Each structure stands twice: as C-alpha cells, then as structure tokens.
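Beneath this line is the structure, given in structure tokens, with notes to follow.
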Amino acid sequence: MWQWLYKLGSPKWFYTIGNRVLPWLWGVTGLLLVVGIIWGLGFSPPDYQMGDNYRIIYLHVPAAGLMKGSFYMMALCSAALLIWKIKMADIVAKAVAPIGAMATLLMLVSGSLWGIPTWGTWWIWDARLTSSLLQFFIFVGIIALRSAIESRDSAAKACAVLTLVGLVNIPIIEYSVEWWNTLHQGASDLSLRDSSANPPEIWIPAFFTGFGFIGLFFIGLILRSQNEILLRERRSQWVKDLLLTDNAKADTESGINTNA
Amino acid sequence: MNTDMNKASSELGLLSVMGATVRREMLLAFRNPGDVINPLMFFVIAVTLFPLSVGTDENFLSAIAPGVIWVTALLAVMLSMDSLFRADFEDGNLEQLLMSPQPLYFLLLAKIFSHWLVACLPIILLAPVLASMLFMSPEGMLPLVLSLLLGTPVLTLLGGIGMALTVGLSRSGLLLAVLILPLYVPVLVFGTGVVQAAINGTAFSGLLALLAALFALAVSLSPLAISAALKISIN
Amino acid sequence: MPEFQFNSLAELLNMGGYAQYVWPVYVFFLLFCLFTVVPPAYSRRKIVKQIKARLRREENQ
C-alpha cells in the first residue's frame, strides 16, 4: 500500500501508468456514456409527473456528483501536499480544478434548463442551485489564485491552503443557504419527490452515465496531469529519453497508443 | 544565548505580548487615521448610494435596510483588509512576526483584534444611524448591532486568510474579493437573518447562537490558516 | 428488456414537448466532454514540440 502510494508520488511513474491506463479508460468511458445516454434518452420510461423532461437527470445528477468529487479530490491532494510534500498531489490538484469548475457549470446549466418547465423560469434561488453557484465561485477563486502567484511552489501551497479553507467552509455555506432558502420560500428543489412512484428501472441509465462521468473525469485528470508533468520535468533524463525515441513520440502525442 | 532570549521573552507572558501588539497597532492607526476613516467613509457613502438609486419610498427602503447595511458593512470590512498585513509586509515587520518566539497563533489574534477595533467597531457604532436613515424599524436596531458585533470578527478572520494568501502580490484587491466573498455567505445569511427575524417579531436568539458558533470556529481555526498562508507568502 | 419509448425519430427529437430543454443539456454535455479532452490534447502537442525543439537545439550545440 505505502509502496504504491510512494510510486504514485513519482511523476515518471504516474506518466507511464497514465499512458497504459488511458486506452482502456477511453473505451470503457465511451461505452458507458453511449449506452447510458441512448438508454436514458430513448428506452427509459417517462416520469409519471415530469414526462420526458426528467431525462436531464442522467446528466444533472452525475454532474453534481463530479462537482463534489472534484472538490474532495482537490482537498485530499492539498492535504497530501501540505503534510507529506508530495509534488504529484499538486499536479493532480491543479488538473482537477478546471474539470470541477466545468462540471459545476454543467450542473448549473442542466439544473436551470430543467427548471424552465418545472418552475416556469430558468433561474430560481433554489438552495441547491445557489450553493452550486457558490461552489463554482470557490473553484474560480482557486484557479484565479494559482494564476496570480508566479512562483510555482508558493502557488501550489497557497492553493492548497485555500482549498482546505474551502473544505471547512462548504458545509457551513450549504447549511446557511439551506436555511436561507426555507426562510424565503418553501423548499422547492429539484430533488425527486415521490421518486418511488417511478419504476426502479428509471435509475439504470444513471449508473451508466454516472460511471461514464467518473471515467471522463479521470481521462481529463490524467491528460492534464501528464501535461504538467512534462512541463515540470522537461529537463529530466527520462523525458528526454521518452521524446527522443520514435515509439514514445506517437505515445506522447496522442496519449492513446500504448506501444511504448 | 538563544535559549536565554526565549526564556526572557516567554517570561514576558503571552497576555502582555498580545497587549503590546494591540497597543502598537492602535498607535499606528492613531498616526495613520486613514485606516479608521476610510472604511467608515466607504460604509457611509455606499449606503447613501442606495436611496439615490432605488428611490426614497419608505416601505421599500425599510424592507431592504437590513440587507443593505449588512452587505455594505461586509464590503467595507473586506476592503479594509488590505491594511491588515500590507504595510507590515512591505517594511519587513511581518517577517519579524513570523520569527518571533511567541506563539504566532496568539500574535495573529491580537493583530486581528486590533484591526477589528480600528476598522469594524466604528462601522458597527454608526450602523444604527444609517439603518434609521433607511427607515429600518427600531426593533431591528439592537439585533443589528449584536449581529454585527458577532459577525464582523468572523469577516475579519476570514478576510485575514485571503489577505495572507495574496499579500505577496502587488495588486490583490479584486482577487481578494473573488477568494473570500463566497466564504462570507454564511455570516451574511445569519447576520441579516437575525435582523429580519427581530423585525418580524420572531425569536432570533438561535440565529445569534449560530453566529456565535461561527465566531468560535473562526477564532479557533483561521489563525492556523493565516499563519500557514503567511509563511507561504513570505517565502 | 427495456423497449424504445418513442414511435418515430421525430417523436424522439420532440422529447414529449420538452425538446428545447433536454437537448441543450445534452449539447452542453458534449461541450463538457470536448473541454475535458481537447484543450489538454492540444497543449500536449505544443509542449512536446517545444521540448523537442529545445532538445534539438542542445544537440546541435
């Protein structure tokens, strides 16, 4: 276990393992997403209340999960950077931030499009939409802080501190928004009231798209981390060796081939 | 010799060192009154802008008064944060602070407490005046002051984290806003909640207790984050 | 085995009247996929090219 963690902390190891994992990940993710989306759009029975509009759920819920998951991953990496000084943790944290921000945006867009027929308006100060908007601001803040600080080490640690501060604050923010929402208007969130009235089959495509989203997340994570590794390690011998052999060339440029 | 010095300074006692820090900050604020006046003036001017933009209808103004006072006070506190570490960073005092043998945690608390005295207390004292200029109903006045008394220290502590992260940057004003405004949301929600509840005639002590809990959490945790952030920025 | 819920392609596209809400979400998801994959792949190409150019320069010296 520790050996494995130690290896994961090595950029070179991460890079090569990433290349080995990517083709499988591409295949599995593509399959999951295609099956999930076709099933969800075409084969799932319509919701007894919302008709076909509920089909947005197959993207909305996984996007919300990705939003949460990305932030927890960033927080974990931040702790690993600050406590064990693992450089790889910062590379991953940096790679995850834009993916998490975009997932939050997807969650917001799908939520508000879902809201138009349900609420009659595209935006509503619903507890979950509002706290997702705040979560989006926090992602943006972390990205902005990183781009503002020139020194890479300082930027890494500063972002790690901010991420952990955010980790402590997010439950408080969510609780306060929840309270605020019930004060100003009765609970009117998108949560599936009476979802028991629907057959359980309605959830099957969500499993496919859910795991598809996780796969997509890791594809993005690996691609972005590998870029950062190449940039940071550009003077090291293994990068030179990698780029000077022809086999490796195809490997690095596509990120798809495995004949390394 | 080093141990002698440590011994000597620890004999000074934590409280007296904190007291000395507060005295020093007060003296600095006294010599540079802009640190006191500017946040206050911002608060007054910004509140004045609201009737000028939304009209002087008494009912409408009294309805938005708690929110206007709280949001403007929050922005004033945030804009005042720059004077917390900036000058000390530029003249090297911050480095001295980090190297001091005294526990950084308490030194930072003393520093933030003095900043709160200088920048926030005048705002809190003036808030009822501005609130009544916005026709806020008198039942809300005491809760407004109480909520600000509990809330502004939290804003100062959280702002201190943002400031400590960005103090090494030459232009950090807008970045600071982007970093810490989302974190200010709970204080704003519960702070205005207290005032609204009082005006509506419902119980607000529970909300004050929530604000107090946020205060306790911020006092105990944010100095840790601030000291970590300062060490990163000083490097 | 689940069965296809729509009688025709036109009906599928219509989404029971909710087409203008359902499809944009799926289009935005497509953009999300592209965002996850395309910019990093593009910058990978650039980074590799840069490093190679530098290595070649160093070899020539």
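Per residue of peptide A:170-176, the mean number of Cβ atoms on other chains within 10 Å of the residue Cβ is 5. Write down Rg/Rh for chain A, rounded to two decimals, with Rg from the C-alpha atoms and Rh from the Kirkwood relation over Cα pairs. Using Cα coordinates only, the ratio equals 1.02. Around A:Ala95, under 9 Å between beta carbons, what's the net of Lys plus Arg minus Asp minus Glu among the other residues? Overall, the nearby charge balance is +1.
So how tilted is helix B:14-31 from the main axis of chain B? Cα-based, degrees 0 to 90, rounded to 10. With both axes taken from Cα atoms, the answer is about 60 degrees.
Look at A:Lys87, B:Lys231 and count the other Cβ atoms within 10 Å of each Cβ; fewest to most, that gives B:Lys231, A:Lys87. Compute the long axis of helix B:34-54 from its Cα atoms, compare it with the longest principal axis of the Cα atoms of chain B, and write down the angle in degrees, 0 to 90, nearest 10. Helix B:34-54 and the main axis of chain B meet at about 20 degrees.
Counts of other chain beta carbons within 10 angstrom of each beta carbon in peptide B:175-182 average 6. Over chain B, DSSP H runs of length four or greater, each weighted -39,500 (n - 2.57), average out per residue to a 222 nm ellipticity of -28500 deg cm²/dmol. Here region C:9-60 has an Rg and Dmax of 21.2, 67 Å, counting Cα atoms alone. For a 19 Å ceiling on Cα separation, which of these pairs sit above it: A:Lys12/A:Lys85; A:Lys94/A:Lys157; A:Lys240/C:Lys46; A:Lys94/C:Lys49; A:Lys12/A:Lys87; A:Lys85/B:Lys111? Cα-Cα > 19 Å for A:Lys94/C:Lys49; A:Lys85/B:Lys111; rest within.
Note on C:Arg56/B:Ser137: beta-carbon distance plugged into 1/(1 + (r/R0)^6) with R0 of 60 Å gives a FRET efficiency of 0.20. Mean-square fluctuations from a GNM of chain A, with a 10 angstrom spring cutoff on Cα atoms, peak among A:Met74, A:Met102, A:Met50 at A:Met50. Just round it to a whole percent: the fraction of Cα-Cα distances in region B:2-234 exceeding 29 Å. Counting pairs separated by more than 29 Å, the tail of P(r) holds 31 percent.
Over chain A, dividing the summed -39,500 (n - 2.57) contributions of all DSSP H runs of at least 4 residues by the number of residues returns a 222 nm mean residue ellipticity of -26500 deg cm²/dmol. With a 10 Å cut-off around each Cβ of B:220-229, the average count of Cβ atoms from other chains is 3. Size descriptors for region A:119-171: radius of gyration and Dmax over Cα atoms are 14.5, 48 Å. Size descriptors for the protein assembly as shown: radius of gyration and Dmax over Cα atoms are 27.3, 90 Å. Comparing B:Leu224, B:Leu144, B:Leu155 in a Gaussian network model of chain B where C-alpha atoms under 10 Å apart are linked, the largest mean-square fluctuation is found at B:Leu224.
Bear in mind these aren't lab numbers, they're just calculated from the coordinates by the rules spelled out. Values in this document were obtained by computation on a predicted structure and should not be read as measured data. Neighbour counts run over all protein chains shown; Cβ positions are idealised from the backbone, glycine included.
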